[in-house]
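Visitor: The structure's right below; bear with me while I get my questions together.
The values are calculated or read from the model by the stated rules, or taken from the named source; none is laboratory data. Bear in mind that the values here come from a model prediction, so they are computed numbers and not experimental data. Note that each Cβ is placed from the backbone with ideal geometry, even for glycine, and that neighbours are counted across all protein chains shown.
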Amino acid sequence: MDEILIVDDDLSVREVLEARLIKEGYAVDTAEDFDHAKEALAERNFDAIILDVVLPGVGGIGILEYIKNADIETPVIMITGDPNVETAARSVQHGAYDYISKPIRKERMLGVVQRAVEKKGLIDRKKESEKKNLEYQKELEGKVEERTGELKNAYELLGAEYSRKVKFMRKTSHEFINPLSIIIGHLTLLIESDLSDEQRRRLESVSENVKRIEHLVQDTLEVTSNEE
Amino acid sequence: MKMTYHVLVVDDEPDILELLSIYLSMNDRIEVHTAENGEIAVEMYHDLATNGSRPGIILMDLMMPVMGGIEATRKILEYDSDAKIYVVTAYTEPDLIRDAMDAGAKDVINKMAGFPEISEMVMGVLTS
């Protein structure tokens, strides 16, 4: 049920408006001055506020300013005394949603209240969807952060694994060098010794192939030299 | 009569010691002495130096049991700061080269160079 707050120091105006609005199906709360209005505003989120311009103390414009400064988004309908364009204009300037002039005509009043309540509905829905968007955004950000962390961990694991393998390759390649240089040393001496043609041919083939291995080892060392 | 050059070769691989000895001895002015680890090398250097056969060059392996090449290099240089120590290694990692040079080695020779080339280089150092 849409809730309307009526702020007027004139009891008869309050009663007439309240009765008409209740008949239309609204819930109504009334306040006779600024203090009571503040109390009511603190308690409930109204769908429309009907506010008399002429009030003792801070006056209707003062209460309007209070409402705007308190970030209450309920549309405020001002009641202006005599059809006074200047007061109406001033109210709108201060953020009033609309105004109704005395004497209050029922249809005009109900029409303005209905539009104000619809406006408040739009504002509420917009706020709700903004809130949902923000929640969704936060949820997404959380998920992105989580996934980024997972990716980072995976990347670090891969990096460590890669570096471990490169180190192993490099160490193994180094371990090849001693035996290779020993084999080549012996082979060179053997080939230079007294051999049959057949023996020399075979040893030269062994030597060629050992040198191929030696080149592979050198290439591996070169490739892995900057990877550690 | 031409003078004899003494060369001290230090390596824990018997085959490397044998092959380097053979290739170096192809030059009849070179007499090769071998040591299987750093500790023996330090002792041998003392003995050779006191017998008037001070090695003109030492070929030093790095990774050996008992005492490695870096420590042996330091110890020999403590005894004779003019000792010409060349590190011969399969491990040409920048850190190891830096350690060897910091210990006072003249240079680092890659074992892959081949024995004939290493012998040639040794002769160059001895006659310079």
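Visitor: Answer yes or no as to whether A:Thr148 is surrounded by 10 or more Cβ atoms within 10 Å (Cβ to Cβ), within 14 Å of chain B (Cβ to nearest Cβ), part of a helix (DSSP H, G or I) and of a type in the set (Ser, Thr, Tyr).
Guide: Against the criterion (surrounded by 10 or more Cβ atoms within 10 Å (Cβ to Cβ), within 14 Å of chain B (Cβ to nearest Cβ), part of a helix (DSSP H, G or I) and of a type in the set (Ser, Thr, Tyr)), A:Thr148 does not qualify.
Visitor: Something else now. In region A:184-210, what count of residues is obtained for those that are in contact (Cβ under 8 Å) with a residue 12 or more places away in the chain and either small (Gly, Ala, Ser) or within 25 Å of B:Pro94 (Cα to Cα) (or both)?
Guide: Total satisfying the criteria: 1.
Visitor: Inspect region A:9-27 for any residue being within 18 Å of A:Ile123 (Cβ to Cβ) and touching a residue at least 60 places away in the same chain (Cβ under 8 Å) and give the result as yes or no.
Guide: yes
Visitor: For region A:141-171, enumerate the residues that are in contact (Cβ under 8 Å) with a residue 24 or more places away in the chain and closer than 29 Å to A:Val210 by Cβ.
Guide: Within region A:141-171, A:Val166, A:Lys167, A:Met169, A:Arg170 meet the criteria.
Visitor: Taking region B:77-93 on its own, how many of its residues are charged (D, E, K, R), under 14 Å from the mean Cα position of the chain (by Cα) and within 26 Å of A:Ser181 (Cα to Cα)?
Guide: The total comes to 1.
Visitor: Failed condition for A:Val117, given (1) more than 14 Å from chain B (Cβ to nearest Cβ); (2) free of Cβ contacts under 8 Å to residues at least 24 places away in the same chain, with all others met?
Guide: (2)
Visitor: Something else now. I'd like the residue in region A:177-224 that is away from every other protein chain (no Cβ under 12 Å) and outside any helix (DSSP H, G or I) and, out of all such residues, is farthest from B:Pro14 (Cα to Cα).
Guide: A:Ser196
Visitor: Filter region B:94-118 for residues that are within 11 Å of chain A (Cβ to nearest Cβ), buried (at least 16 other Cβ atoms within 10 Å of the Cβ) and not aromatic (Phe, Trp, Tyr) and give the result.
Guide: The answer is B:Leu96, B:Asn110, B:Lys111, B:Met112, B:Gly114, B:Ile118.
Visitor: Same structure again: Regarding B:Asp61, is this residue surrounded by 22 or more Cβ atoms within 10 Å (Cβ to Cβ), within 11 Å of chain A (Cβ to nearest Cβ) and within 24 Å of A:Pro179 (Cβ to Cβ)?
Guide: For B:Asp61, the condition - surrounded by 22 or more Cβ atoms within 10 Å (Cβ to Cβ), within 11 Å of chain A (Cβ to nearest Cβ) and within 24 Å of A:Pro179 (Cβ to Cβ) - is met.
Visitor: Within the set of pairs 6 or more residues apart or between chains, which connect a residue that is surrounded by fewer than 10 Cβ atoms within 10 Å (Cβ to Cβ) inside region A:81-94 to a residue that is charged (D, E, K, R) and at pLDDT 70 or above with Cβ atoms less than 7 Å apart?
Guide: Here the result reads A:Asp82/A:Lys102, each pair linking region A:81-94 to a residue that is charged (D, E, K, R) and at pLDDT 70 or above.
Visitor: Filter region A:182-228 for residues that are in contact with a Ser or Thr (Cβ under 8 Å, 6 or more places away or on another chain) and among the hydroxyl-bearing types (Ser, Thr, Tyr) and give the result.
Guide: Applying the first criterion (in contact with a Ser or Thr (Cβ under 8 Å, 6 or more places away or on another chain)) to region A:182-228 yields A:184, A:187-188, A:191, A:207, A:217, A:220-221, A:224, A:227-228.
Result: A:Thr188, A:Ser207, A:Thr220, A:Thr224.
Visitor: Does region A:19-39 hold any residues that are surrounded by fewer than 18 Cβ atoms within 10 Å (Cβ to Cβ) and at negative phi, and which are they?
Guide: Selection gives A:Ala19, A:Arg20, A:Ile22, A:Lys23, A:Glu24, A:Ala27, A:Glu32, A:Asp33, A:Asp35, A:His36, A:Lys38, A:Glu39.
Yes or no, residue by residue, for (1) under 21 Å from A:Ser12 (Cα atoms); (2) in contact with a Ser or Thr (Cβ under 9 Å, 6 or more places away or on another chain):
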| site | (1), (2) |
| --- | --- |
| A:Ile49 | yes, yes |
| A:Leu64 | no, yes |
| A:Val112 | yes, no |
| A:Arg115 | no, no |
| A:Glu118 | no, no |
| A:Lys126 | no, no |
